[in-house]
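In what follows, a single structure is set out as structure tokens and then discussed.
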Amino acid sequence: MISTQTMNTFKTIVGEENVITSSAGRLVYSYDATPNFQSMPDAVIAPRNTEEVSQIVTVCREQKIPIVPRGSGTNLAAGTVPSEGGIVLLFKHMNHILEIDEENLTVTVQPGVVTLDMIKAVEQKGLFYPPDPSSMKISTIGGNINENSGGLRGLKYGVTRDYVMALQAVLPNGDIIRTGGKLAKDVAGYDLTRLLVGSEGTLAIITEATLKLIPMPETKQTMLALYNSMDAAAKSVSEIIAAKIIPATLEFLDRPTLIAVEDFAQIGLPTDVEAVLLIEQDGPPEIVARDMEKMAEICTREQAVSVQIAATEAEALALTTARRAALSALARLKPTTILEDATVPRSEIVNMVKAINEIAEKHNVRIATFGHAGDGNLHPTCPTDARDHDEMERVEAAFADIFSKAIELGGTITGEHGVGMMKAPYLEWKMGPEGIAIMKAIKHSFDPDNIMNPGKMFAKETRKRVVVTQ
Amino acid sequence: MTTMTARERTIQEQFSLRMDEGELLNCMRCGFCLPSCPTYIETGFDESQSPRGRIALMKAVHDGLIAPDEEVERSLNLCLGCRACEPVCPAGVNYGHLLEEARDIFADHNEFKPATKAIRKTVFEGLFPHQNRMEHAVTLLGIYQRSGLQKTARKLGFMKLFPDSMQAMERALPAVPKRSDMKKRGRSFTALAEKKATVAFFSGCLMDTMFLGTNNATVKLLQKAGCDIVIPDGQNCCGALHGHSGEKDGAKELAKRNIDAFEQTNADYIITNAGGCGAFLIDYDHLLKDDPDYSERAKAFTAKIKDITQILFELNFHERVGLNVNPQVITYQDSCHLRNVMHTHIAPRVLMQSITGAEYREMDNADSCCGSAGIYNIVESDMSMQILDHKMDKAKATNAHTIVTANPGCLLQMKLGIEREGLSESVRAVHIVDLLLEACDEFPL
Ligand SMILES: Cc1cc2nc3c(=O)[nH]c(=O)nc-3n(C[C@H](O)[C@H](O)[C@H](O)COP(=O)(O)OP(=O)(O)OC[C@H]3O[C@@H](n4cnc5c(N)ncnc54)[C@H](O)[C@@H]3O)c2cc1C
Ligand code: SF4
Ligand code: SF4
């Protein structure tokens, strides 16, 4: 509980209208996109500038009040669930694009800017910001940075981390720091920018970010290839990379996903094929044409049963429908949808998909897999029902097996969704006790009172838990 | 469990009992609906005024996590019911059904302010269910307009007693037809071109009174498109106003009477020219799903519902009939329910783009609600006017002379917007049907 006096202090800092304490007002910030996690904050506060953030943090530090920074609450790791109460910090006022620098090719934004709004703004100037999480229509840059989010263009262009050049952040003691700069080269001191990227709100509060932009690619082409075996599809992927082509997009869907998509969208997909690859290339027209031709050749050679290159933009759109509808199709099957992101080295995709199917069968649950074939980032997705406790236990066990298999194959428990609360119990598998120890030491030196998003990243108990809350 | 008043406890119990838990759970809280929600945007990104927030509140009340207090009710009241959150939802959550049920529960236990209560009673019990009274009421409005009373009232400043939106609305109302004209119209019409279909026309309560001209135009267009038309007796208000305002029982009664009336016609399609009505008619199968006598019949009924623009498009009206107007720029404001529930948004655009002389310019955010939303613009006047003013900015940016709509509520709201902007000399708002008839009159078949 927060004392009335402290609450009044908050109100003096940000204005009465920016402190919410009603039960309905708090309830709507008690969740994010993670199934089965919910917990009420004591208050919700919307600061208007960095100075106010710093003042709030100072009060919280004195009173040991937990702070949960929140963008749009679309993360899938329970990263913004206020599991230990305290305040939720909103950036709805801090949502402006501050500068688009066409000479240095950078954009400077406040953390609450919606990703797609920023992408559209820079595209109007002929510039390109590649990280494109599927949630970009609503996710914020603050959230993207703190989850180090990826997207469909990750294989060729990298993820959010590769575009963060400079940050302004408020530390848990109230200090305001600036890291990095509009510099291509900078080795002055530890790379705090990179440390803060992906820190999930557990180290500091990002209040401003300068991001790198690149020139817009001139053209883009799209192709769809169907396969009778997962192996053949995976072989095509390796062969394409071996031919020194890095496509902009290289996505795949497995058969259970295809069946769901066809059921839902009725777009004439064959449901007897085992895998589909969606491939896109962008760049100068000559190079795109050459790459597409080569890749089509490779796919055909590797036993694709059909290879289709879109002739027009409308056709391209039709080809991408299946990939874009994957989540919608699966989400409609059952009330609860569990979307994971185990990731393995590219060369292990076949083994991982096989393992996922076996694990699903073993635990008698339905799991469909789609994802980023180019970078080994898979989305095994389980349509289930949170009310069916028996099934939820089995889902839990299945995902534990999947994570363990991913690590065994040299992969990781999460490629882009983050650890949060949801995957905290598994982090030690990936990092080892030594890894956890140094991470805890870093956390302690930033935040000795553990007020920044407590309960996330580090598990309180080593009990394995994916989805079952009781 | 939180502490609740006795009223809150009853409402909470009703939520547990009546809200569809499966549908509540269907929402996976992905937030994909947030950018489409007008109230989320207009409140400066307040999650409690978003679809995800509203569903979370309904679920929390259902689960007994929070009390159904004033703020929960406020959140539901401020929802426009525009259902822009539905087509963008990956999980296919039927938000409209959840909202209707939740509002119905609140309405069952509400102590409305006496004035609101009186309005509700007049509207929901006295007026809309009775077509003859609708005619009468609208006739009174006509007498008021024609007799000079309107002028007097304006001079006396009588209208100042009402909220802003009502004042401008009073100016925006169309000149209504005489009662004798309402009574005169026939009940069946034959195709004026090669016959393609037999249709039954749902003439609507408001459409058949205040907007009689538009209804007559609809019939003419259908004739030109090759339809035999029947307008069955005994049909009445679709029930949308009731359904959206928590008067579900009233809505069911109206629905049954309409099914009775239309079953006898054996038409291929049932045509509407009001997106708001169409969307409610098309949902009768859900409304009556638990009624043993009507559930199957409702399904047959809803399968036949089509908007006028959709059937004209399907019958290739725009290619068979020459369409021509004086040079002008036109733009279109989607009817939320036509677009989000009936999924009709291509047909009207194709029709408008086929008119020679009219330069069609798409308005930014044409797919987002204009703030009319049934009686929303009266009961939630401030938010409605805020939304309307932003809408008018977008409309003005197109430099359109003509703003086209496909629903009477939207039409009135656009007229209201034009009044508020002081543009009535240079900009007009029309129903798409009237525009199409205007465009084809010079080329009689
Ligand atoms: C349907 C769906 C599809 C998705 N697709 C993808 C995808 O393709 N790729 C991908 O990578 N992710 C994806 N995600 C996950 C999610 O959208 C991303 O993690 C996104 O970056 C979160 O943004 P947000 O604004 O919602 O942040 P939130 O969820 O609000 O917050 C995320 C984290 O950032 C912290 N945070 C937010 N703002 C700040 C700040 N200013 N300072 C400090 N900490 C802060 C929070 O505390 C939290 O730990 C998807 C999610 C859904 C529901
Ligand atoms: S119906 Fe309209 S106003 Fe209501 S939640 Fe959905 S989008 Fe928002
Ligand atoms: S888009 Fe659908 S599932 Fe996602 S939050 Fe909105 S209503 Fe829920």
(message) For the stretch B:39-51, give me each residue that is open to solvent by less than 10 Å² (accessible area, probe 1.4 Å) and more than 8 Å from chain A (Cβ to nearest Cβ).
(response) B:Thr39, B:Pro51
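Could you check the stretch A:41-77 and list, in sequence order, the residues that are within 16 Å of ligand 3 (Cβ to nearest atom), out of contact with any Asp or Glu (no Cβ under 6 Å at 6 or more places or on another chain) and not basic (Lys, Arg)? Steps first, answer last, please.
Narrowing the stretch A:41-77 to residues within 16 Å of ligand 3 (Cβ to nearest atom): A:70-76.
From what is left, the residues that are out of contact with any Asp or Glu (no Cβ under 6 Å at 6 or more places or on another chain) are A:70-72, A:74, A:76.
Once the filter is applied, which keeps residues that are within 16 Å of ligand 3 (Cβ to nearest atom), out of contact with any Asp or Glu (no Cβ under 6 Å at 6 or more places or on another chain) and not basic (Lys, Arg), the stretch A:41-77 yields A:Gly71, A:Ser72, A:Thr74, A:Leu76.
Hey, any hits in the stretch A:183-193 for a residue that's open to solvent by less than 50 Å² (accessible area, probe 1.4 Å) and among the aromatic types (Phe, Trp, Tyr)? Lay out the reasoning, then the answer.
Initially, the stretch A:183-193 is screened for residues open to solvent by less than 50 Å² (accessible area, probe 1.4 Å), giving A:193.
Remaining after also requiring among the aromatic types (Phe, Trp, Tyr): none.
For the stretch A:183-193, residues open to solvent by less than 50 Å² (accessible area, probe 1.4 Å) and among the aromatic types (Phe, Trp, Tyr): absent.
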(message) Just to check your reading of the model, which residue among B:Glu8, B:Glu71, B:Glu13 is in contact with a Pro (Cβ under 7 Å, 6 or more places away or on another chain), open to solvent by 20 Å² or more (accessible area, probe 1.4 Å) and more than 16 Å from ligand 3 (Cβ to nearest atom)?
(response) B:Glu8
(request) Give me the pairs, please: first residue somewhere in the stretch B:60-79 and facing another protein chain (nearest Cβ under 9 Å), second residue anywhere and within 16 Å of ligand 3 (Cβ to nearest atom) and open to solvent by 10 Å² or more (accessible area, probe 1.4 Å), beta-carbon distance under 6 Å, and either six or more positions apart or on two chains. (result) B:Ser75/B:Ser48
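Can you pull out every residue in the stretch B:75-93 that is more than 11 Å from ligand 2 (Cβ to nearest atom) and in contact with a helix residue (DSSP H, G or I) (Cβ under 6 Å, 6 or more places away or on another chain)? If you could, list the steps in order and put the result at the bottom.
Just the residues of the stretch B:75-93 that are more than 11 Å from ligand 2 (Cβ to nearest atom), to begin with: B:90-92.
Once the filter is applied, which keeps residues that are more than 11 Å from ligand 2 (Cβ to nearest atom) and in contact with a helix residue (DSSP H, G or I) (Cβ under 6 Å, 6 or more places away or on another chain), the stretch B:75-93 yields B:Pro90, B:Ala91.
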(message) Restricting to the stretch A:356-380, name every residue that is hydrophobic (A, V, I, L, M, F, W, C), closer than 23 Å to A:Glu262 by Cα and assigned to a helix (DSSP H, G or I).
(response) A:Ile356, A:Ala360, A:Ala373
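Name the residue, out of A:Ser238, A:Ser306, that is closer than 19 Å to A:Asn351 by Cβ and either free of Cβ contacts under 8 Å to residues at least 24 places away in the same chain or open to solvent by 20 Å² or more (accessible area, probe 1.4 Å) (or both). If you could, list the steps in order and put the result at the bottom.
Working: A:Ser306 fails: closer than 19 Å to A:Asn351 by Cβ.
Selected residue: A:Ser238, the only one of A:Ser238, A:Ser306 that is closer than 19 Å to A:Asn351 by Cβ and either free of Cβ contacts under 8 Å to residues at least 24 places away in the same chain or open to solvent by 20 Å² or more (accessible area, probe 1.4 Å) (or both).
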(request) For A:Asp447, indicate whether it is open to solvent by less than 60 Å² (accessible area, probe 1.4 Å), within 16 Å of ligand 3 (Cβ to nearest atom) and in contact (Cβ under 8 Å) with a residue 40 or more places away in the chain. (result) no
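Condition check ((1) of a type in the set (Val, Ile, Thr); (2) more than 16 Å from A:Leu27 (Cα to Cα); (3) within 16 Å of ligand 1 (Cβ to nearest atom)) across all residues:
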{"site": "B:Thr5", "(1), (2), (3)": "yes, yes, no"}
{"site": "B:Glu13", "(1), (2), (3)": "no, yes, no"}
{"site": "B:Asp20", "(1), (2), (3)": "no, yes, no"}
{"site": "B:Gly44", "(1), (2), (3)": "no, yes, no"}
{"site": "B:Ile55", "(1), (2), (3)": "yes, no, yes"}
{"site": "B:Met58", "(1), (2), (3)": "no, no, no"}
{"site": "B:Asp63", "(1), (2), (3)": "no, no, no"}
{"site": "B:Tyr95", "(1), (2), (3)": "no, yes, no"}
{"site": "B:Ala102", "(1), (2), (3)": "no, yes, no"}
(request) Would you check which residues across the stretch A:1-36 are open to solvent by less than 20 Å² (accessible area, probe 1.4 Å), closer than 22 Å to A:Met421 by Cβ and in contact with a Ser or Thr (Cβ under 7 Å, 6 or more places away or on another chain) and list them? (result) A:Val28, A:Ser30, A:Asp32, A:Ala33
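Which one is nearest to B:His109 (Cα to Cα) among residues in the stretch B:52-74 that are near ligand 2 (Cβ under 9 Å from one of its atoms) and not hydrophobic (A, V, I, L, M, F, W, C)? Even if it seems obvious, please write down each step before you answer.
Taking the stretch B:52-74 as the starting set, the residues that turn out to be near ligand 2 (Cβ under 9 Å from one of its atoms) are B:52-55.
With not hydrophobic (A, V, I, L, M, F, W, C) added as a condition, the list becomes B:52-54.
Working: B:Arg52: 25, B:Gly53: 23, B:Arg54: 19 Å.
Once the filter is applied, the top-ranked residue is B:Arg54.
Just checking, which of A:Glu348, A:Glu340, A:Glu358 is more than 24 Å from the chain's Cα centre (by Cα) and among the acidic types (Asp, Glu)? First the steps, then the outcome.
Values: A:Glu348 fails: more than 24 Å from the chain's Cα centre (by Cα); A:Glu340 fails: more than 24 Å from the chain's Cα centre (by Cα).
Selected residue: A:Glu358, the only one of A:Glu348, A:Glu340, A:Glu358 that is more than 24 Å from the chain's Cα centre (by Cα) and among the acidic types (Asp, Glu).
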(message) Here is a check on your reading of the model: is A:Arg324 within 14 Å of chain B (Cβ to nearest Cβ), modelled with pLDDT under 90 and open to solvent by 50 Å² or more (accessible area, probe 1.4 Å)?
(response) yes
(request) Out of B:Cys89, B:Cys85, report the one residue that is open to solvent by 10 Å² or more (accessible area, probe 1.4 Å), within 16 Å of ligand 3 (Cβ to nearest atom), more than 10 Å from chain A (Cβ to nearest Cβ) and closer than 22 Å to A:Ala386 by Cβ. (result) B:Cys85
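Give me a count of the residues in the stretch B:1-38 that are in a helix (DSSP H, G or I) and within 13 Å of chain A (Cβ to nearest Cβ). Working first, answer last.
Going residue by residue through the stretch B:1-38, those that are in a helix (DSSP H, G or I) are B:6-18, B:21-26, B:34-36, B:38.
Next, only the ones that are within 13 Å of chain A (Cβ to nearest Cβ) stay: B:8, B:12, B:21-26, B:34-36.
Total meeting the criteria: 11.
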(message) Need pairs with beta-carbon distance below 7 Å; first residue more than 15 Å from A:Ile141 (Cα to Cα) and within the stretch A:80-101, second aromatic (Phe, Trp, Tyr); sequence gap 6+ or separate chains.
(response) A:Val81/A:Tyr31; A:Val81/A:Phe37; A:Val88/A:Tyr29
(request) Return the total of residues in the stretch A:33-75 being within 12 Å of chain B (Cβ to nearest Cβ) and without any contact (Cβ under 8 Å) to a residue 12 or more places away in the chain. (result) 0
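Give me a count of the residues in the stretch A:380-398 that are open to solvent by less than 10 Å² (accessible area, probe 1.4 Å) and in contact with a Ser or Thr (Cβ under 8 Å, 6 or more places away or on another chain).
First, pick out the residues of the stretch A:380-398 that are open to solvent by less than 10 Å² (accessible area, probe 1.4 Å): A:380-384, A:392, A:395, A:398.
Those left that are additionally in contact with a Ser or Thr (Cβ under 8 Å, 6 or more places away or on another chain): A:380-384, A:392, A:395.
Residues that pass the stated criteria total 7.
Taking the condition in contact (Cβ under 8 Å) with a residue 60 or more places away in the chain, within 22 Å of A:Arg70 (Cα to Cα), open to solvent by 10 Å² or more (accessible area, probe 1.4 Å) and within 16 Å of ligand 2 (Cβ to nearest atom), does B:Ser36 pass? Spell out how you get there, then give the answer.
Numbers: in contact (Cβ under 8 Å) with a residue 60 or more places away in the chain: yes; within 22 Å of A:Arg70 (Cα to Cα): yes; open to solvent by 10 Å² or more (accessible area, probe 1.4 Å): yes; within 16 Å of ligand 2 (Cβ to nearest atom): yes.
Judged against the criteria, B:Ser36 is a match.
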(request) Report whether or not A:Ile2 is over 19 Å from the mean Cα position of the chain (by Cα) and at pLDDT below 95. (result) yes
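The values are calculated or read from the model by the stated rules, or taken from the named source; none is laboratory data. The structure displayed is predicted, hence computed values, not measured ones. Positions of Cβ are generated from backbone atoms using ideal geometry, with glycine treated the same way; all protein chains shown enter the neighbour counts. These area figures cover heavy atoms from the full protein model, side chains too; ligands, DNA and RNA do not enter into them. Shrake-Rupley method; radii C 1.70, N 1.55, O 1.52, S 1.80 Å.
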